[in-house]
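The block underneath contains the structure these notes are about, expressed in structure tokens.
The values are calculated or read from the model by the stated rules, or taken from the named source; none is laboratory data. Nothing here was measured: the structure is a model prediction, and the numbers come from that model. Counting neighbours? That spans all protein chains shown, and the Cβs are built from the backbone with ideal geometry, glycine included. Quick note on the areas: whole protein, heavy atoms, side chains included, nothing else; ligands and nucleic acids left out. Shrake-Rupley method; radii C 1.70, N 1.55, O 1.52, S 1.80 Å.
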Amino acid sequence: QVQLVESGGGLVQPGGSLRLSCAASRRIFNINDMGWYRQAPGKQRELVAGITSDGRTNYADSVKDRFTISRDNAKNTVALQMNSLKPEDTAVYYCNIGGLGYRYWGQGTQVTVSS
């Protein structure tokens, strides 16, 4: 069983930055896409950013121009650089890796944006 481990969450003031990282417990083959989702209290989980195996990215409108997703195919890692953070970005962030016949989720990391 593959485990995804996220790191980098925490408390930050509005306007600050955080970098989330996600690593797999073992090598994963034939990855199609990697991404970050978030879930705020009382809300549904939503896609924040995704990246395909050939590097195409997509972002939620609310984070465009502030967040950047990147991946390292050789290391099976995916990162999310978050700049200009806002209180509404507060949520538990989950990484996700998917391929043919599988989809793995991390356990989540809390991001809190507050003064």
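Can you run down the residue pairs with Cβ atoms below 8 Å, 6 or more apart or on separate chains, where the first is in region 41-56 and touching a residue at least 24 places away in the same chain (Cβ under 8 Å) and the partner is assigned to a loop (DSSP other than H, G, I, E, B) and of a type in the set (A, V, I, L, M, F, W, C)? Qualifying pairs under 8 Å: V48/A60; A49/A60. The residue pairs whose first member lies in region 99-115 and is within 14 Å of S25 (Cα to Cα), whose second member is part of a strand (DSSP E or B) and open to solvent by 50 Å² or more (accessible area, probe 1.4 Å), and whose beta carbons are closer than 7 Å, counting only pairs six or more residues apart or on different chains, are G106/V5. S70 falls short on exactly one of the conditions (1) without any contact (Cβ under 8 Å) to a residue 24 or more places away in the chain; (2) within 14 Å of S7 (Cα to Cα), and that condition is (2).
What residue, of L11, L47, L18, L4, is at pLDDT 95 or above and in contact with a Ser or Thr (Cβ under 7 Å, 6 or more places away or on another chain)?
On the way: L47 fails: in contact with a Ser or Thr (Cβ under 7 Å, 6 or more places away or on another chain); L18 fails: in contact with a Ser or Thr (Cβ under 7 Å, 6 or more places away or on another chain); L4 fails: in contact with a Ser or Thr (Cβ under 7 Å, 6 or more places away or on another chain).
On inspection, the qualifying residue turns out to be L11.
Per the conditions (1) closer than 16 Å to Y94 by Cα; (2) open to solvent by 70 Å² or more (accessible area, probe 1.4 Å); (3) not aromatic (F, W, Y), the sole criterion not satisfied by A24 is (2). Of all residues in region 13-59, which are in contact with a strand residue (DSSP E or B) (Cβ under 6 Å, 6 or more places away or on another chain) and of a type in the set (F, W, Y)? Answer for region 13-59, where residues must be in contact with a strand residue (DSSP E or B) (Cβ under 6 Å, 6 or more places away or on another chain) and of a type in the set (F, W, Y): W36, Y37, Y59. Checking each residue in region 76-91 for being farther than 17 Å from T52 by Cβ and either among the basic types (K, R) or surrounded by fewer than 19 Cβ atoms within 10 Å (Cβ to Cβ) (or both) picks out Q81, N83, S84, K86, P87, E88, T90.
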